[in-house]
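Some notes on the structure that comes next.
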Amino acid sequence: MRLDPVDAVVVGAGAGGGVVAYVLAKAGFRVVLLERGREVPFHESGHDELRSQRTTVLGNAFGPDDSHYVRQIRSPLTGFFYRVKPSEGAYNNVAACLGGGTASYGAMAWRFHPKDFQMLTAYGQVEGSTLADWPITYNDLEPYYERAEYEIGVSGKAGANPFEGRRQKAYPMPPLPYNREAARMAAGARKLGWHPFPIPMAINSVERDGRAGCIACPHCVGFGCEADAKNGTQNTVIPRAVKTGNCTLLTEAVAKEILTDAAGKAAGVAYYHQGRLQEQPARVVVVACSATETPRLLLNSKSKGHPNGLGNANDWVGRNLQGHAYSGAYGLFEEEIFDGTGPAARVALCDFNHGNKGITGGAMMANEFIRLPYLFAKNVRPPRVPRYGAEFKKFVREAYKKTAGVKGPVQEMPLWDNRVEVDPKVADFWGIPVAAITTRRHPMDGETGRFIAERAAEWLKASGARETWLQVASLNGTGGQHQAGTCRMGKDAKTSVTTPHGRLHGVDNVYVADGSVMVTNGGFNPSLTIMALAFRTGEKIVRDWRRA
């Protein structure tokens, strides 16, 4: 079924796609926004720890569902591919619903450090990696960081982070106050001469835009917000886009391929909706499906003019998949440090993002989110405690409220062979070839992870922990919910997939607006950077494609 033409089709209603749809609709473009998932109201997901975005024992509350999706993952032990479902950790799952990951994320809203955009210049080439500078700088993105903070809604304390790049305006909302753990940790950091400050969060600290301020419930990361105080694209820019009358939102609409004409330009998108394959003609196509699903769609969009997939003339689509090599430490205190006030993550420091001797890059460090019972019992245990039995149960009972964690999203080195391909022999529910993912980590990621973990233990000890133990990420794989890098931006089409504004090299009406375009992933949660890039890309599309 072929539909009436529109100005733009945006595939993916997450952090990037929701923003671009809003920018275009506000500018008067007729937009169709396709989302493969659906809206997930709070009452459906609730506070069920076993069916959340972090724990999928009983399934994915925010999608994708096991009955419709599968992936091929290359085993680091055997080198062969094996199938995984979305509820399995190796899948590298990003929420498939209205708002994407912003519907269930922890909502840390970080700007990258200025050096994160110039890693090659700052450190030189790291052997075995494809480390490169971004084609844009922090200063190029700063106005769009500001716009994202105000359009989405971020609480924080301007000037509190002495390592932050320049900013023109304060945050639109004051920071969330420290809870018991954060206050204790902040004091410990100051003892060490470090520089703690409140974490910038895409959470209302006060009532804003008709929605409540945070009620400090102990469930945040991995869940929806019962007070609707957590800000994602699903409750900010997407409703505004629809309200313009220029944006048609279709949920449970699964993109099959980007259609091209005889000249090789994009002509629209073919997608499945309500059991039918439909074709939506458009002047512009924006792909914002995540750093695993975006290359999958591009690689599945083959034609005579693009035999290897859209944007893939030089074999860069799907390459350089990155995540974060999360590392840190836990500390056991004599007294209760957990007071039940969420989100537990309230304090951070950026003393070790850069300038670490013998280390390329680093990471922001913050106290961990709420350790809910299942994940606490599964993951938070010093080496002296057995994995089961009476001693294990005793530890869980006594240590639950006396334990704090500190972790950092270690900036990974990009690798050419970390990639997303498609497997023509394995298809999903709709018959679309699935993603086949191969990943490992660079040895530097392990060195940086151990360095950050040691600093985390040092911080916990200074804050009063009587016992600490490290958690260092393995080198076996990467990706996860912070996935990035598979359609990196650049000025040279031979070594990148998109232009600095996210347009595919060689296809002048297809843009990418998600973490795929990021050259490196920074030492921070990437959501605010994805949104800032999407505002920048959206404005560029408006300038180049506005009708006379």
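Checking the conditions here, which among Pro343, Pro307, Pro414, Pro386 is in a loop (DSSP other than H, G, I, E, B) and in contact with a Cys (Cβ under 8 Å, 6 or more places away or on another chain)?
Pro343 is the lone residue from the list that is in a loop (DSSP other than H, G, I, E, B) and in contact with a Cys (Cβ under 8 Å, 6 or more places away or on another chain).
Here are some residues: Val497, Val519. Which one is under 21 Å from Lys115 (Cα atoms) and buried (at least 24 other Cβ atoms within 10 Å of the Cβ)?
When all the criteria are applied, what remains is Val519.
Select from segment 146-158 the residues that are over 20 Å from Gly17 (Cβ atoms), in contact with a Phe, Trp or Tyr (Cβ under 9 Å, 6 or more places away or on another chain) and not polar (S, T, N, Q) and list them in ascending order.
Gly156, Lys157, Ala158
Of everything in segment 58-72 that's buried (at least 22 other Cβ atoms within 10 Å of the Cβ) and of a type outside the set (Phe, Trp, Tyr), which residue is nearest to Cys220 (Cα to Cα)?
Ranking the candidates gives Ala61 first.
Would you point out the residue of segment 164-215, among those that are closer than 22 Å to Pro143 by Cα and basic (Lys, Arg), that is surrounded by the fewest Cβ atoms within 10 Å (Cβ to Cβ)?
Per the stated criteria, the residue is Arg166.
Return the residues of segment 1-40 that are over 19 Å from the mean Cα position of the chain (by Cα), surrounded by 24 or more Cβ atoms within 10 Å (Cβ to Cβ) and of a type in the set (Asp, Glu); say none if nothing qualifies.
None; the set is empty.
Taking the residues in segment 460-489 that are assigned to a loop (DSSP other than H, G, I, E, B) and of a type in the set (S, T, N, Q) as candidates, determine which candidate is surrounded by the fewest Cβ atoms within 10 Å (Cβ to Cβ).
Among residues in segment 460-489 that are assigned to a loop (DSSP other than H, G, I, E, B) and of a type in the set (S, T, N, Q), the one surrounded by the fewest Cβ atoms within 10 Å (Cβ to Cβ) is Asn476.
Please go through (1) of a type in the set (A, V, I, L, M); (2) out of contact with any Leu (no Cβ under 7 Å at 6 or more places or on another chain); (3) assigned to a helix (DSSP H, G or I) for Ala532 and return the number of the only condition it doesn't satisfy.
Against the list (1) of a type in the set (A, V, I, L, M); (2) out of contact with any Leu (no Cβ under 7 Å at 6 or more places or on another chain); (3) assigned to a helix (DSSP H, G or I), Ala532 comes up short only on (2).
Checking the condition on the phi > 0 side of the Ramachandran plot, touching a residue at least 24 places away in the same chain (Cβ under 8 Å) and surrounded by fewer than 23 Cβ atoms within 10 Å (Cβ to Cβ), which residue from Gly311, Gly275, Gly264, Gly268 passes?
The conditions single out Gly264.
Considering each residue of segment 210-225, count those that are under 20 Å from Gly100 (Cβ atoms) and in contact (Cβ under 8 Å) with a residue 40 or more places away in the chain, and give that number.
Of the residues in segment 210-225, 7 are under 20 Å from Gly100 (Cβ atoms) and in contact (Cβ under 8 Å) with a residue 40 or more places away in the chain.
Please name all residue pairs, on different chains or six or more residues apart, with Cβ atoms under 7 Å, provided the first residue is in segment 497-514 and is without any contact (Cβ under 8 Å) to a residue 60 or more places away in the chain and the second residue is among the hydroxyl-bearing types (Ser, Thr, Tyr) and buried (at least 24 other Cβ atoms within 10 Å of the Cβ).
Pairs found: His501/Thr537; Gly502/Tyr511; Gly502/Thr537; Arg503/Tyr511.
Looking only at residues in segment 437-459 that are in contact with a strand residue (DSSP E or B) (Cβ under 6 Å, 6 or more places away or on another chain) and crowded, with 22+ Cβ neighbours inside 10 Å, which one is nearest to Arg74 (Cα to Cα)?
My answer is Ile437.
Of everything in segment 68-96, what is under 14 Å from Thr56 (Cβ atoms) and not charged (D, E, K, R)? Give them in sequence order.
Tyr69, Val84, Pro86, Ser87, Gly89, Ala90, Tyr91, Asn92, Asn93, Val94, Ala95, Ala96 - these are the residues of segment 68-96 that are under 14 Å from Thr56 (Cβ atoms) and not charged (D, E, K, R).
Just wondering, is there one or more residues in segment 177-192 that are farther than 30 Å from Arg208 by Cα, part of a loop (DSSP other than H, G, I, E, B) and not hydroxyl-bearing (Ser, Thr, Tyr)?
The answer is yes; a qualifying residue exists.
Give me the pairs: first residue in segment 43-57 and surrounded by fewer than 15 Cβ atoms within 10 Å (Cβ to Cβ) and assigned to a helix (DSSP H, G or I), second residue of a type in the set (A, V, I, L, M) and modelled with pLDDT of 90 or more, beta-carbon distance under 8 Å, and six or more apart or on different chains, which are they?
Cβ pairs passing all conditions: Glu44/Ala61.
Might you check whether a residue that is in a loop (DSSP other than H, G, I, E, B), of a type in the set (D, E, K, R) and out of contact with any helix residue (DSSP H, G or I) (no Cβ under 6 Å at 6 or more places or on another chain) occurs anywhere in segment 310-322?
yes
Determine, yes or no, whether Gly355 is of a type outside the set (A, V, I, L, M, F, W, C), at pLDDT 95 or above, in contact with a helix residue (DSSP H, G or I) (Cβ under 7 Å, 6 or more places away or on another chain) and assigned to a loop (DSSP other than H, G, I, E, B).
No: the conditions fail for Gly355.
Cβ contacts < 7 Å: first residue closer than 14 Å to Gly477 by Cα, restricted to segment 395-421; second residue modelled with pLDDT under 95 and crowded, with 23+ Cβ neighbours inside 10 Å, any location; separation 6+ or different chain. Result?
These pairs meet every condition: Glu412/Thr478; Asn418/Thr478.
Which of the numbered conditions does Ala170 fail, given that it passes all the others? Conditions: (1) within 23 Å of Val237 (Cα to Cα); (2) touching a residue at least 40 places away in the same chain (Cβ under 8 Å); (3) assigned to a loop (DSSP other than H, G, I, E, B).
Every listed condition holds for Ala170 apart from (2).
The values are calculated or read from the model by the stated rules, or taken from the named source; none is laboratory data. Note that the coordinates shown come from a computational prediction; the quantities given were computed from them, not determined experimentally. Note: ideal-geometry Cβ built from the backbone for every residue, glycine included; neighbour counts use all protein chains shown.
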